[in-house]
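Have a look at the structure below, then the notes.
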Amino acid sequence: TNPGCVVRITQAGLDYARQEGIAILEKELAQLKLPDISGDTRIKILGRAHYQISRLDLRNFHLPYSRISLVPNVGLQVSISNAFAKVSGNWRVKLRILRASGSFDLTLENIHIRINLRLGRNTSGRPTVDPSDCSTSISNVQLRFSGRFSWFYNLFRKSIASRIRKILESKVCDSAVTSVRRELQPYLQTLPVTARIDSVAGIDYSLVAPPTATAWSLDVSLKGEFFSLANRSSVPFFPPALGLPPDHDRMVYFGVSSYFFNTAGFTYQADGALVFEITDSMIPSDTDIRLSTSLFAAFIPQLEEMYPQLPMKLRLSTPFAPFLTIRPGGMLLQPVLDVQAYAILPNSSLAPLFLLSLTGNVSAVIDVRSGRIVGNLTVGRLFHSLKLFSFPLSAPQVWTLQSIMNFIASRVLLPRLNARLDEGFPLPLPARIQLSQILVQFHQNLLLLGANVRYQPR
């Protein structure tokens, strides 16, 4: 199926991730433990010499040049070049009756490391990464001995340097693979595949396919669907095909389909959460409008006869889920509301008065704050059509009733909805990621959010 949300990591985002990853790998390599070395080497004329190398200490390991590359349809490749390291230790040599010992310093230069990363997803819908191949080569080794008999040390210099180089070439790849599995893979597991929103709904952010590497970006397709916490059921419509525009100025982009927002409307409507009750105590005190039968008796005279000067209650509900449309000009919502009016009798029971069916145009303003999509609904003339059941109305009466409902909706209902939308819905972000320089764009059926990323270490 098509995803409801796509996360695109650009080359700039991968370069930032590389910086953080290389810093971790440098620390790992600097802690490498090298084993003692012993062996025999044959020296012309003098015969066989036995040597021992001990207390090998990797004093530093620097990775000054690195790059992470996209390998289309495969994954990622991390390349490190011109790295260098320094090793110190002790040596001991025995040749016939001659014995000598001392210390040495070893410099390894032009170290090249290549790691291939295969991307996938696990059964819970989280991304996975696994090193599929690693190779290390060291082209320049400089060995300096300290002590007496320098001419003697040079006799087995090449043998010792070759042994240490081979050990390091193996150890470096082992450390890189361990670092990926111990640091990167667990970190990817912090990506939330479900996010609880409130007591009614959650969001499913599980991967619908393994991450896809292209020539320009790494795309992660997510389900991007709201679901009911009480009774999860299938949504009766399908996500449209989701194609992100070729923007690459930001490190990461979030392509959010109209499907994402419409599953929210479906979930809340199906759970009965889109029901609102309005009483007079909720009407702002700075207005002359009071919610009573006297207000509506001006154009429905029967109310004054049946229920004179009684307080009222309005019950607003949606007969079906609201449907949101995303277009290049913005987001548009056309809600249909049923408004059941009641008179509140002296014994607190309710007497039904009339039923309104209302349709309006509502536009939505979207932003991102603290890693959450936040929104705000704005209206012009809220209800552009109105039907009153039970009582016939003239045109002026319809206009007056529509004005009253516009006022109640804009001053009472919308502030409550906007307060909830201001809390926002979380974007799928792994742990300790902050977004900055937010970009918001509207396309057909697509909300595009771009951002740069900052990682906060523990």
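The values are calculated or read from the model by the stated rules, or taken from the named source; none is laboratory data. Keep in mind it's a predicted model, so treat the numbers as computed, not measured. Cβ placement follows ideal geometry from the backbone for every residue including glycine, while neighbour counts extend to all protein chains displayed. Just so you know, the surface numbers come from the protein's heavy atoms only, side chains and all, with ligands and any DNA or RNA stripped out. Shrake-Rupley method; radii C 1.70, N 1.55, O 1.52, S 1.80 Å.
Quick one: angle between helix 258-270 and the longest Cα principal axis of the chain, in degrees between 0 and 90, rounded to 10, please.
50
Can you work out ³J(HN,Hα) from phi for every residue in the stretch 322-336, in order, using Karplus 6.51 cos²θ - 1.76 cosθ + 1.60 and θ = phi - 60°, giving whole Hz and x for Gly and Pro?
x, 10, 9, 10, 9, 10, x, x, x, 10, 10, 10, 10, x, 10
Can you pull the Kirkwood radius for the stretch 11-190, inverse mean 1/r over Cα pairs, to one decimal in Å? Intermediate results must be reported in sequence, preceding the final value.
On the way: mean 1/r = 0.0550 Å⁻¹.
Evaluated on the stretch 11-190, it is 18.2 Å.
With +1 on each Lys and Arg Cβ and -1 on each Asp and Glu Cβ, how big is the dipole of the stretch 11-190 about its Cα centre, in debye rounded to the nearest 20?
Details: 28 positive and 14 negative charges, 214 e Å.
That gives the stretch 11-190 a dipole magnitude of about 1020 debye.
Within the chain, how many Lys pairs sit with Cα atoms under 25 Å apart, leaving out pairs fewer than 8 places apart on the same chain?
Close lysine pairs under the 25 Å cut-off: 18.
May I ask for the distance between the Cα centers of the stretch 16-70 and the stretch 233-285, given as a whole number of Å?
One Cα centre to the other: 54 Å.
Could you list the trypsin sites (Lys or Arg not before Pro) in the stretch 279-323 that lie in coil according to DSSP, counting only those with at most 10 other Cβ atoms within 10 Å of their Cβ? Show your work: numbers first, answer last.
On the way: sites: ARG290, LYS313, ARG315; in loops: ARG290.
Filter output for the stretch 279-323: empty list.
Output wanted: per-residue J couplings in Hz (rounded whole) for the stretch 273-280, from phi through Karplus 6.51 cos²θ - 1.76 cosθ + 1.60, θ = phi - 60°, x for Gly and Pro.
7, 9, 10, 10, 10, 10, 10, 5
What number comes out for accessible area per residue over the stretch 11-190 if the probe is 1.4 Å? Units Å², please.
Details: 9700 Å² over 180 residues.
Value returned for the stretch 11-190: 54 Å² of accessible area per residue.
Taking 0.36 nm per residue of sequence separation and subtracting the Cα-Cα distance, how much length would be gained by fully extending the chain between SER317 and SER281, in nm to one decimal? Display every interim value, and only then the final one.
Details: separation 36, 0.36 × 36 = 12.96 nm, distance 1.95 nm.
Additional length available on full extension: 11.0 nm.
Go through SER101, SER370 and list them by solvent-accessible area, largest first, probe radius 1.4 Å.
Working: SER101 65, SER370 115 Å².
Largest accessible area first, the list is SER370, SER101.
With each pseudo-label sitting 7 Å past Cα toward Cβ, what's the ALA431-GLU28 distance in nm, one decimal?
According to this spin-label approximation, the distance is 1.7 nm.
Provide the gained length on full extension for the span ASP57 to SER137, in nm with one decimal, where the gain is 0.36 nm per separating residue minus the Cα-Cα distance. Can you show the working numbers first?
Values: separation 80, 0.36 × 80 = 28.80 nm, distance 2.00 nm.
Working it through step by step, the gained length comes to 26.8 nm.
Using the Cα centre of the chain as origin and beta-carbon charges of +1 (Lys, Arg) and -1 (Asp, Glu), tell me which of THR1, VAL87, TYR65 is placed farthest towards the positive end of the dipole.
VAL87
Can you report the principal axis dimensions of the stretch 224-455 using only the alpha carbons, biggest first, rounded to whole angstrom?
Result for the stretch 224-455: principal-axis Cα extents of 67, 37, 36 Å.
Three principal axis extents, largest first, for the C-alpha atoms of the stretch 83-224, in Å?
Principal-axis extents of the Cα atoms in the stretch 83-224, largest first: 84, 34, 20 Å.
Quickly work out the SER170-to-SER410 label distance, labels modelled 7 Å from Cα along the C-beta direction, and quote it in nm with one decimal.
Result for the modelled spin labels: 7.8 nm.
If THR263, THR214 are ordered by their accessible area, calculated over protein heavy atoms with a 1.4 Å probe, which sequence runs from highest to lowest?
Numbers: THR263 0, THR214 45 Å².
The most accessible residue leads, giving THR214, THR263.
May I ask you to derive the relative contact order of the stretch 11-190, considering only C-alpha pairs under 8 Å and at least 6 residues apart, and to give it as an integer percent? Before the final figure, lay out each step's value.
Values: 344 pairs, mean separation 33.6, N = 180.
Relative CO of the stretch 11-190 lands at 19 percent.
Amide H of TRP216: which non-local residues (sequence gap of 5 or more, or other chain) have their own amide H closer than 5 Å, using H built in the peptide plane?
Distant-sequence amide H within range of TRP216: zero hits.
About its Cα centre, what dipole magnitude does the stretch 211-341 give when the only charges are +1 on Lys and Arg Cβ and -1 on Asp and Glu Cβ, stated in debye to the nearest 20? Before the final figure, lay out each step's value.
Values: 7 positive and 12 negative charges, 82 e Å.
Its charge dipole is roughly 400 debye.
Under 19 Å from the 7 Å Cα→Cβ point of PHE237, by amide nitrogen: which residues of the stretch 319-342?
Counting backbone N atoms under 19 Å from the label point, the list is 319-338.
Give me Rg over Rh for the chain, both radii from the alpha carbons and Rh done the Kirkwood way, two decimal places. Don't jump to the answer; show the numbers that get you there.
Details: Rg = 34.9 Å, Rh = 27.6 Å.
Looking at the chain, the ratio lands at 1.27.
Can you tell me, using C-alpha contacts under 8 Å and at least 6 residues apart, the relative contact order of the stretch 224-455 as a whole percent? Present the calculation step by step, with values, prior to reporting the outcome.
On the way: 422 pairs, mean separation 48.7, N = 232.
Once divided by the residue count of the stretch 224-455, the mean separation gives 21 percent.
Using only the alpha carbons, work out the radius of gyration and Dmax of the stretch 219-328 in angstrom.
22.1, 68
Using just the helices of the chain, give the 222 nm mean residue ellipticity in deg cm²/dmol: DSSP H runs with n ≥ 4 each add -39,500 (n - 2.57), and the total is spread over all residues, rounded to 500.
Values: 9 runs with 97 residues, N = 458.
Helix contribution divided over all residues of the chain: -6500 deg cm²/dmol.
From the phi of every residue in the stretch 58-75, what ³J(HN,Hα) in whole Hz does the Karplus formula 6.51 cos²θ - 1.76 cosθ + 1.60 yield, where θ is phi - 60° and glycine or proline is x?
Along the stretch 58-75, the couplings run 7, 6, 7, 8, 10, 10, x, 10, 8, 8, 10, 10, 7, 10, x, 6, 10, x Hz.
Output the 0 to 90 degree angle, nearest 10, between the alpha-carbon long axis of helix 395-408 and the longest principal axis computed from the alpha carbons of the chain.
40
Suppose each label sits 7 Å from its Cα in the direction of the beta carbon; what would the ASN90-VAL440 distance come out to in nanometres?
6.8
Check LEU310: other-chain or 5+ apart residues with amide H under 5 Å from its amide H, H built from backbone geometry?
When sequence neighbours closer than 5 places are left aside, the close amide H contacts are THR293, SER294.
Considering only protein heavy atoms and a 1.4 Å probe, what is the carbon-and-sulfur percentage of the accessible area of the chain? Spell out each step's value before the answer.
On the way: 11770 of 22670 Å².
Summing carbon and sulfur atoms, their accessible area is 52 percent of the total for the chain.
So if each residue of separation counts as 0.36 nm, and I subtract the Cα-Cα distance between VAL71 and ARG157, what length gain in nm does that give? Intermediate values should be presented prior to the final figure.
Details: separation 86, 0.36 × 86 = 30.96 nm, distance 4.08 nm.
Answer, rounded to one decimal: 26.9 nm.
Relative contact order for the chain using alpha-carbon pairs under 8 Å, separation at least 6, rounded to a whole percent?
Values: 992 pairs, mean separation 63.9, N = 458.
Contact order relative to length: 14 percent.
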